[in-house]
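The values are calculated or read from the model by the stated rules, or taken from the named source; none is laboratory data. Please read these numbers as outputs of a predicted model, since none were measured by experiment. Each accessible area value is taken on the protein alone, full model and side chains, heavy atoms only, with ligands, DNA and RNA left out. Shrake-Rupley method; radii C 1.70, N 1.55, O 1.52, S 1.80 Å.
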Amino acid sequence: KKVMKEVEVIVERSDNLCDNGKLSSYITDTPIKAKSKDLRGIFKNMKRAVDIYLKDNSDHCEILSGEFKLVYKIDVTTFIDYYGDNLFSSEGLKHITGFDDTEVFLYAMGDRDLEPSKQQFERIKKGLKTLIEELSIIRL
């Protein structure tokens, strides 16, 4: 099996005060940069930026020659800032599942008589799957 080359994308909090908590990303030694309010946006915007760069530049950077996959490196400070307060808090569960305050409170309290409906279970599963996908492609 052929091992695909990895191109590292650095993800960090934007230093620009006007960005108000946005994330910025770049590939070292290339002019390619992307910003977004969340990691999903970074993944999408960086892929788009790379595609545009490769399309518009026939003499592109060596690092982007041949087949490669993008891997995302995030520093610990940005990781904690992005996930820390919201990962397992009620706000985090609301973000992951799309539930409202009441639903999050009831599930967080662990009411054994309360079973999520099939639709609610699918929302939880989808939210956690998205979180796992985000976490599986970043590096600290």
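Annotations for the structure displayed:
- Here the gap between residue 2 and residue 40, fully extended at 0.36 nm per residue and compared with their Cα-Cα distance, gives a gain of 10.9 nm.
- Measuring with a 1.4 angstrom probe and ignoring ligands and nucleic acids, residue 133 comes out at about 90 Å² accessible.
- Contour excess over end-to-end distance, with Cα ends at residue 54 and residue 94 and 0.36 nm allotted per residue: 10.6 nm
- Estimated vicinal HN-Hα couplings, Hz - the range 124-134 in sequence order (Karplus 6.51, -1.76, 1.60; Gly, Pro = x): 4, 4, 5, x, 5, 4, 4, 4, 4, 4, 4
- Fully extended contour minus Cα-Cα distance, from residue 101 to residue 81, at 0.36 nm per residue: 5.0 nm
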